Amino acid sequence: LECIALLLDTHSNSVFGKWSMVLNPATGDAPRTGSARSKWPMLLFMCTDDPCPKVRAAAVAVVAKLFQADSLRRWPVPLEPLGEGHGGTVRATAFTPLTQMLTGTIRTFHEVLLRSLTSTFQSDVLCGLEGLRTCLACVPYSKLKPGLLGEVSQALVPLLGRIREDKASEVFGRPSTAAVLDVTAAALSRLEPRDSIGDMNPRDKLCSELCRTAVGVLQMLAGEAGEEDSPQRTEKKGPDATSTARSLMDALTVMAGVSSAQPDTIGALRELSEIVVAHKMKTVRNAGMTMTKTWLSRLQPSAGAYDPALLTMAMEVGQNVGP
């Protein structure tokens, strides 16, 4: 599987349209259960059901490499009718139309990854996050029926809550923390109103959960940083805290650029900006300037003038607010 992933690094475009050669090279040879997943191609089945975590991770990596083909990113026409609902999973049948094979594989792989996020094994969670990072960068969601991105955002909400509830030492020592924040930023940048599930706007829900998580994590980061960002303190707090801070601020900057102008969202961003201005970590302060600038650039002045509190906050972070 690792050898196949290396080959796909340079030949993913050559294999595009022939994914079945990789997904199902030995039909019938893999032991199958009686579940619905037994209908999946062998490689997708291995992503969830292989007993070895390393093999599951390697299988997910191979499928993710398939998705990195430029031909998928630049797919010119709808892959399926852009109505409500979504298609089924991929079936291992002969003479399957190319669009059906692509959409089936995309949706089944998303199901695999969302299952991984609920695993009790941290390696599976990390694997699922890495796969989602690739999907969010490569899959042409606008060419699919709406709702798939909404499902991704729903799966990220409990992970953000878990970060918020964990102790600081557990948060900074867990590689999945930065990965959750990175994938959240990628999801926010891709979500559209068409991805709503019922009356719920997944972008607003994800923004709200991210804001709640950010407040707690920023406070924990401040406790880790100490009074000054001296080299000794930076070395002591280690790379995990710095990586977490950078990923968090990147996610907040994306959120500031796409969030709706709802009062609760504006209030949350305002609270976050106030925390960032006085934060003890230089990484947070510098990134906070970009976040606040992004946010303020989207706010329209009321009656020809900005709110004095917003203007004061902008001045505090060294930004000039134009007319």
ask   = Residues of the range 102-125 being surrounded by 18 or more Cβ atoms within 10 Å (Cβ to Cβ), in contact with a helix residue (DSSP H, G or I) (Cβ under 6 Å, 6 or more places away or on another chain) and in contact (Cβ under 8 Å) with a residue 60 or more places away in the chain, which ones?
value = Thr108, Phe109, Val112, Ser116, Asp124
Unique residue being closer than 17 Å to Ile106 by Cβ, at pLDDT below 90 and surrounded by fewer than 20 Cβ atoms within 10 Å (Cβ to Cβ) when the list is Gly147, Gly161 = Gly147
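Where in the range 232-323 are there helices (runs of 4 or more DSSP H), lying fully within it, with 2 or more residues that are at pLDDT 80 or above and buried (at least 18 other Cβ atoms within 10 Å of the Cβ)?
It comes to 263-277, 282-296.
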remark   = Among the residues of the range 1-37, the number that are over 28 Å from the mean Cα position of the chain (by Cα), at pLDDT below 65 and of a type outside the set (D, E, K, R) is 8
message = Going by what's in this entry, would Thr103 be described as touching a His at 6+ places or on another chain (Cβ under 9 Å) and either basic (Lys, Arg) or modelled with pLDDT of 90 or more (or both)?
response = yes
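The values are calculated or read from the model by the stated rules, or taken from the named source; none is laboratory data. Remember, predicted model here, so these are calculated numbers, not experimental data. Glycine also receives a Cβ, built like all others from the backbone with ideal geometry; neighbour counts cover every protein chain displayed.
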